[in-house]
1. Which residue out of Lys17, Lys5, Lys59, Lys37 is surrounded by fewer than 21 Cβ atoms within 10 Å (Cβ to Cβ) and outside any strand (DSSP E or B)?
2. Which pairs do you get when a residue that is within 15 Å of Pro253 (Cβ to Cβ), found in the range 224-237, comes within reach of a residue that is surrounded by 16 or more Cβ atoms within 10 Å (Cβ to Cβ) and of a type in the set (Val, Ile, Thr), reach meaning Cβ atoms under 9 angstrom, with the pair 6+ apart or on two chains?
3. Among what's in the range 210-231 and is in contact with a strand residue (DSSP E or B) (Cβ under 7 Å, 6 or more places away or on another chain) and of a type in the set (D, E, K, R), pick the residue that is farthest from Val9 (Cα to Cα).
4. Of the numbered conditions (1) touching a residue at least 60 places away in the same chain (Cβ under 8 Å); (2) closer than 30 Å to Glu53 by Cβ, Asn120 fails exactly one; give the number of that condition.
5. Just to be sure I understand, how many residues within the range 143-158 are assigned to a strand (DSSP E or B) and in contact with an Asp or Glu (Cβ under 9 Å, 6 or more places away or on another chain)?
6. Mind listing just one residue for me: the one in the range 125-153 that is of a type in the set (S, T, N, Q) and exposed (fewer than 14 other Cβ atoms within 10 Å of the Cβ) and, of those, farthest from Asn163 (Cα to Cα)?
7. Any residue in the range 83-109 that is assigned by TED's automatic domain parsing to the domain that holds Leu164 sitting within a Cβ distance under 6 Å of a residue that is of a type in the set (Lys, Arg)? List the pairs, counting only those 6 or more apart or interchain.
8. Return yes or no: is Glu27 within 21 Å of Leu213 (Cα to Cα) and at pLDDT 95 or above?
Amino acid sequence: MALLKLDKVTKFFGDFKAVDNVSLDIERGEFFVLLGKSGSGKTTILRLIAGLEKVSSGKIFIDGEDVTDLPPNKRDVGMVFQNYALYPNKTVRENLLVPLENSKMKKEDKEALIQDIAKNLEISQLLDRYPSQLSGGQQQRVAIAKALVKRPKVMLMDEPLSNLDAQLRLSARRFIKKVQREYNITTVYVTHDQSEALAMADRIGVIDKGMLLQVGEPEDVYYNPMNERVASIVGNPPMSFVNIDGKKVGVRPEDVILGDGPYKALVSDCEFWGSYYLVYLDYNGSELKAFSSKRVKEGSDINFRIVSYREF
């Protein structure tokens, strides 16, 4: 049985349908990523699971229990928000004690639990500091510790890396996966960053306009998108859509080989991306993207071939 189950969940805000009949099973210990563009409904789904929003219709189950009408503090979930939600006037230790306020644990047991989690998350030296004295990465670790301190059945993470710089985000996402594996905690992670989703997820759920379009392992979603909407969300850059030999197809940049082949296009732009160039081609009025190991002159004609594509 899935640890977390959404059964035909729908959410209206007035006349606006933010979540549209979503059904989803998430397994125990799974790292599940909800991927979608801004406004797609992914954060609303997270808030429905947490109990911060009430469903308009449908059911939510955690470990077999119907929690649809339960308040957040009765759902056995921990949540890490985009802004970390730390109390600025409390030390790290005091912030970690907040989720344990109504616990019947002895004071010394609470302290032992905090020390244990702080050690695992490498924040032991921060316990007497205030949030304003912490870096963004340190605040993130404290927020994760705060969510973990009650040992919840489900961890919910809402764009937790969006406030970090690019270099720190790479190390932070590895750290989150390490913690998730060590605690074997079922995690639902929301992001608009497809690179994060592909790198971190056991499975990805692609959502757009409140609808769950496709669920699958990262490789499957990337190589076998169910439709153009999924293909346009997954991939950096996303698939190009062109007519090739009378067929409308989706093509990844890595599947376009420049320099020879039966097709000819105009080079409209060439961007340096570090270890390679991203080349934009105008092919019969459609934009096609390709990777190149060397700069290609803008305005020139170039032959190309396609080694693989996806028909839609």
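1. Details: Lys17 fails: outside any strand (DSSP E or B); Lys5 fails: outside any strand (DSSP E or B); Lys59 fails: outside any strand (DSSP E or B).
Every option except Lys37 fails the conditions.
2. Note: pairs meeting the criteria are Pro225/Val206; Pro225/Ile233; Pro225/Val234; Val234/Ile204; Val234/Val206; Val234/Val221.
3. Of everything passing the filter in the range 210-231, Glu228 is farthest from Val9 (Cα to Cα).
4. (2)
5. In the first step, residues of the range 143-158 are kept if they are assigned to a strand (DSSP E or B); the result is 154-158.
Still in the running and in contact with an Asp or Glu (Cβ under 9 Å, 6 or more places away or on another chain): 154.
Within the range 143-158, residues that are assigned to a strand (DSSP E or B) and in contact with an Asp or Glu (Cβ under 9 Å, 6 or more places away or on another chain) number 1.
6. Residues of the range 125-153 that are of a type in the set (S, T, N, Q), as a first pass: 125, 132-133, 135, 138-140.
Narrowing further to those that are exposed (fewer than 14 other Cβ atoms within 10 Å of the Cβ): 125, 132-133, 135.
Values: Gln125: 23, Ser132: 15, Gln133: 16, Ser135: 11 Å.
Once the filter is applied, the top-ranked residue is Gln125.
7. From the range 83-109, the pairs are Val92/Arg129; Asn95/Lys146; Leu96/Lys146; Pro99/Lys150; Leu100/Lys110.
8. Details: within 21 Å of Leu213 (Cα to Cα): yes; at pLDDT 95 or above: yes.
Yes.
The values are calculated or read from the model by the stated rules, or taken from the named source; none is laboratory data. Given the structure is predicted, the values throughout are model-derived calculations rather than measurements. Neighbour counts run over all protein chains shown; Cβ positions are idealised from the backbone, glycine included.
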